[in-house]
Protein chains: 2
Amino acid sequence: MTIDSPIEAASSTASTEREGEPVTTANERTVVDNASVKALLERGRTLATPVLRAAVDRLAKPMDTVAAYHFGWIDAAGRPSEGDGGKAVRPALALLSAEAAGASPETGLPGAVAVELVHNFSLLHDDLMDGDEQRRHRDTVWKVHGPAQAILVGDALFALANEILLELGTAEAGRATRRLTTATRKLIDGQAQDISYEHRERVTVEECLEMEGNKTGALLACAVSIGAVLGGADDRTADALESYGYHLGLAFQAVDDLLGIWGDPDATGKQTWSDLRQRKKSLPVVAALAAEGPASRRLAELMTADAKKSQAEFEDFDEAEFAARAALIEQAGGREWTSQEAQRQHTTAIAALDTVDMPGHVRDQLVALADFVVVRQR
Amino acid sequence: MTIDSPIEAASSTASTEREGEPVTTANERTVVDNASVKALLERGRTLATPVLRAAVDRLAKPMDTVAAYHFGWIDAAGRPSEGDGGKAVRPALALLSAEAAGASPETGLPGAVAVELVHNFSLLHDDLMDGDEQRRHRDTVWKVHGPAQAILVGDALFALANEILLELGTAEAGRATRRLTTATRKLIDGQAQDISYEHRERVTVEECLEMEGNKTGALLACAVSIGAVLGGADDRTADALESYGYHLGLAFQAVDDLLGIWGDPDATGKQTWSDLRQRKKSLPVVAALAAEGPASRRLAELMTADAKKSQAEFEDFDEAEFAARAALIEQAGGREWTSQEAQRQHTTAIAALDTVDMPGHVRDQLVALADFVVVRQR
């Protein structure tokens, strides 16, 4: 099947004059059933949140409070809040995953919660390692509660993830934990690569894709197979679902990389030119540097000079400096290539579904979720 | 059975004039078979190290190098080194644990390596959280490779521990991983308590024991049950072995707390008065504060004043200031109480062994290890 990608539609009219506009424009050609995806994400959130809160309540003080702040359930002063707990794509996938194996969505619930715990463990630690001060429109945990709590609560969420699964006490839970552990190791490998790439002048497109596959693909792959494993699916089925999730993750990350440069700060909750300010060697950047031509060469010159600046000096740049770099990335084809890459990964993800025998409505929802991932604005 | 504890022997002659002398003096009444314990620890190290090194080699660059530095296999410049990898009590216990269940020591090997990985995960993170600059006579990982690598490699070792066990793919491995996860959660709870106690003026003896049970008891308990679980032992046997390990851990920690104040820096690799410099509310301190009398009151006054000082101000203290505090702790009975507590925990640990049917030579070695733990100088 082919999908008329809103990303391709948007990027085919790419111009350097569109900063601040949405990266991806949902237009009349969009086949994404937004209501269905919204319901799916809502179901994941509704079923997983109480179990997640009960899990977090097991933590010793003050880790329970710190975790509750991270998840947006309370504010920095400890008052109940209706925070933004994120898109909750992973829990939605884990419940669908159980249904793909013919089990009830509830069968996937411990998997949904475990994956969400690992995801948030990595956010807590990555924000600290990367020095990121904002997440989901709020100060990050290390900013509010200090580095030690960010480390400690991250560790606790990771341990809790395994505990939630293993206390099921079944052979399926053992297999599910093993897949989760493999995914977590890849997640950590990806963060290690991400950090080491920051100190290198050049990163290849292949290295960037490998890093993003580890950092984003592996855990989405686990989310979309873990419910099936808990529902008794065999390894072949679980592997095919993982393949869908892995490529979905790469599509997700390609869109994230577009939003990191051209996203609307009001929608993403990040600063303008966020990834450029952090000198991230994301897909649009490495693709632009890999291209031929004057824009690519000029970008490389600027980045070599930028690398010699201190982070403070760099962040003090005028907005126009970042805009100039974004324009060069676009002129060198980095934006267009990344849009097409999101589409390619989307296509590969959908193709993986064709190797699994699953109820038609489950397949439709997995397709709708993949469509949503590539058109989202945040 | 009763053991003439070298600790009691030493502390019964306690005087304020002995700073710098060994805390515990092995004398002719010592029943510890040092050669047997040495052989046991050596066996654990010899069998576990190659498996541990192979596990660490799985890590993505540069995490493999950072971990190798932490374990003492290379120096800060990357050259091979014969570093001090620690006492390796846990691997020795895990191998004995398998033998306690009638299995070969090798059966416990994945458990030995998994426990050692979790132990070192916690060292990497705790050293960073606590700001400790030295471990095993060398700069800590965060000092040499930076905080991000200490976080990341800690995370990786934790994940690797689960991976090593779960890839065995057996029901026993699932049960072993569940016990390891429970122990790891307690370890993290203990570190959370330790950190929160630093900010409190008073900590009770019970709170201190609970914290030390979590921080030290839980993982030793896991070490001494995990081999048996992998060898097919039932839960009752595993629980009894855990009980031995838990109380062994508390005895171990009581001795550690004595060494943290009165230990010989050349043997421990820590500064003189190490725990006092860090204002740790360790067992001798909380026991002294809980006592009646002028020494306890004077100590409390000094500590209230100390609490108002900055860490830098405090570390600049003259040696005599720390010596005065150590003398007050001893006069208030904190040193004596902690020595006796080590002995009480030792007795409880040995009693737990009586509920398990195991080969006589295995029991003898577990007793010898417990004896060793309370007479060690480092």
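The values are calculated or read from the model by the stated rules, or taken from the named source; none is laboratory data. The structure displayed is predicted, hence computed values, not measured ones. Using ideal geometry, Cβ is built from the backbone for each residue, glycine included, and neighbour counts are taken over all protein chains shown.
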If you check A:PRO62 against the conditions, is it surrounded by 20 or more Cβ atoms within 10 Å (Cβ to Cβ) and out of contact with any Phe, Trp or Tyr (no Cβ under 7 Å at 6 or more places or on another chain)?
no
Taking only pairs six or more apart or across chains, which ones have beta-carbon atoms under 8 Å, a first residue in the range A:94-121 that is on the phi > 0 side of the Ramachandran plot and of a type in the set (Asp, Glu), and a second residue that is at pLDDT below 95 and not in a helix (DSSP H, G or I)?
none
Every residue from the range A:111-133 that is surrounded by fewer than 19 Cβ atoms within 10 Å (Cβ to Cβ) and touching a strand residue (DSSP E or B) at 6+ places or on another chain (Cβ under 7 Å)
A:GLU133
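Specify which of the listed residues (A:LEU328, A:LEU366) is closer than 20 Å to A:LEU93 by Cα and at pLDDT 95 or above. Steps first, please.
Values: A:LEU328 fails: closer than 20 Å to A:LEU93 by Cα.
Sole residue among the options that is closer than 20 Å to A:LEU93 by Cα and at pLDDT 95 or above: A:LEU366.
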Go through the range A:93-131 and count every residue that is farther than 23 Å from A:LEU59 by Cβ and within 14 Å of chain B (Cβ to nearest Cβ).
2
Out of (1) more than 18 Å from B:ILE261 (Cα to Cα); (2) at pLDDT below 95; (3) not polar (S, T, N, Q), what's the single condition that is false for B:LEU353?
(2)
Which one of these is within 30 Å of A:ALA221 (Cβ to Cβ), within 27 Å of the chain's Cα centre (by Cα) and not small (Gly, Ala, Ser): A:GLN377, A:GLN331?
A:GLN377
So which residues in the range A:195-206 are within 12 Å of chain B (Cβ to nearest Cβ), without any contact (Cβ under 8 Å) to a residue 40 or more places away in the chain and not in a loop (DSSP other than H, G, I, E, B), if there are any at all?
A:SER196
The lone condition A:ASP306 fails out of (1) touching a Lys or Arg at 6+ places or on another chain (Cβ under 8 Å); (2) over 21 Å from A:HIS199 (Cα atoms); (3) among the charged types (D, E, K, R) is (2)
Among the residues that make up the range A:277-298, is at least one of them hydroxyl-bearing (Ser, Thr, Tyr), crowded, with 23+ Cβ neighbours inside 10 Å and within 15 Å of A:GLY334 (Cβ to Cβ)?
yes
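B:GLY108 - would you say it is over 30 Å from A:GLN149 (Cα atoms) and either buried (at least 24 other Cβ atoms within 10 Å of the Cβ) or out of contact with any Gly (no Cβ under 9 Å at 6 or more places or on another chain) (or both)? Steps first, answer last, please.
Working: over 30 Å from A:GLN149 (Cα atoms): yes; either buried (at least 24 other Cβ atoms within 10 Å of the Cβ) or out of contact with any Gly (no Cβ under 9 Å at 6 or more places or on another chain) (or both): yes.
It is true that B:GLY108 is over 30 Å from A:GLN149 (Cα atoms) and either buried (at least 24 other Cβ atoms within 10 Å of the Cβ) or out of contact with any Gly (no Cβ under 9 Å at 6 or more places or on another chain) (or both).
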Residues that are within 16 Å of A:LEU283 (Cβ to Cβ) and among the hydroxyl-bearing types (Ser, Thr, Tyr): does the range A:215-237 have at least one?
yes
Tell me the residue from A:GLU315, A:GLU330 that is without any contact (Cβ under 8 Å) to a residue 60 or more places away in the chain and either more than 30 Å from A:ALA101 (Cβ to Cβ) or not aliphatic (A, V, I, L, M) (or both), please.
A:GLU315
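Just one of B:ALA54, B:ALA98 is at pLDDT 95 or above and farther than 21 Å from B:ALA159 by Cα; which is it?
Numbers: B:ALA54 fails: farther than 21 Å from B:ALA159 by Cα.
One residue alone meets the criteria, B:ALA98.
From A:GLY174, A:GLY146, which residue is surrounded by fewer than 24 Cβ atoms within 10 Å (Cβ to Cβ), within 12 Å of chain B (Cβ to nearest Cβ) and free of Cβ contacts under 8 Å to residues at least 24 places away in the same chain?
Values: A:GLY174 fails: surrounded by fewer than 24 Cβ atoms within 10 Å (Cβ to Cβ).
Sole residue among the options that is surrounded by fewer than 24 Cβ atoms within 10 Å (Cβ to Cβ), within 12 Å of chain B (Cβ to nearest Cβ) and free of Cβ contacts under 8 Å to residues at least 24 places away in the same chain: A:GLY146.
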Scope the range B:275-325; condition part of a helix (DSSP H, G or I) and either touching a Cys at 6+ places or on another chain (Cβ under 7 Å) or of a type in the set (S, T, N, Q) (or both); matching residues:
B:LEU283, B:VAL286, B:SER296, B:THR304, B:GLN311
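Yes or no, residue by residue, for (1) among the hydrophobic types (A, V, I, L, M, F, W, C); (2) free of Cβ contacts under 8 Å to residues at least 24 places away in the same chain; (3) closer than 14 Å to A:GLU99 by Cβ:
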{"site": "A:GLY334", "(1), (2), (3)": "no, no, no"}
{"site": "A:GLU341", "(1), (2), (3)": "no, no, no"}
{"site": "A:HIS346", "(1), (2), (3)": "no, no, no"}
{"site": "A:ALA352", "(1), (2), (3)": "yes, no, no"}
{"site": "A:MET358", "(1), (2), (3)": "yes, no, yes"}
{"site": "A:VAL362", "(1), (2), (3)": "yes, no, yes"}
When B:LEU165 is run through (1) over 25 Å from A:GLN193 (Cα atoms); (2) facing another protein chain (nearest Cβ under 8 Å), the failure sits at (2)
Single condition A:ARG136 does not satisfy, out of (1) more than 9 Å from chain B (Cβ to nearest Cβ); (2) in contact (Cβ under 8 Å) with a residue 24 or more places away in the chain; (3) surrounded by fewer than 24 Cβ atoms within 10 Å (Cβ to Cβ); (4) over 18 Å from A:ARG53 (Cβ atoms):
(4)
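Here are some residues: A:VAL229, A:VAL255. Which one is among the β-branched types (Val, Ile, Thr), in a helix (DSSP H, G or I), over 19 Å from A:ASP126 (Cα atoms) and within 14 Å of another protein chain (Cβ to nearest Cβ)? Give the derivation first.
Values: A:VAL255 fails: within 14 Å of another protein chain (Cβ to nearest Cβ).
The unique qualifying residue is A:VAL229.
Being more than 14 Å from chain B (Cβ to nearest Cβ), over 11 Å from the mean Cα position of the chain (by Cα) and in contact (Cβ under 8 Å) with a residue 12 or more places away in the chain is true for just one of A:GLY249, A:GLY217, A:GLY260, A:GLY190. Which residue is that?
On the way: A:GLY249 fails: over 11 Å from the mean Cα position of the chain (by Cα); A:GLY217 fails: over 11 Å from the mean Cα position of the chain (by Cα); A:GLY190 fails: more than 14 Å from chain B (Cβ to nearest Cβ).
Every option except A:GLY260 fails the conditions.
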Of (1) away from every other protein chain (no Cβ under 13 Å); (2) without any contact (Cβ under 8 Å) to a residue 40 or more places away in the chain; (3) under 23 Å from the mean Cα position of the chain (by Cα), A:ARG90 fails just (2)
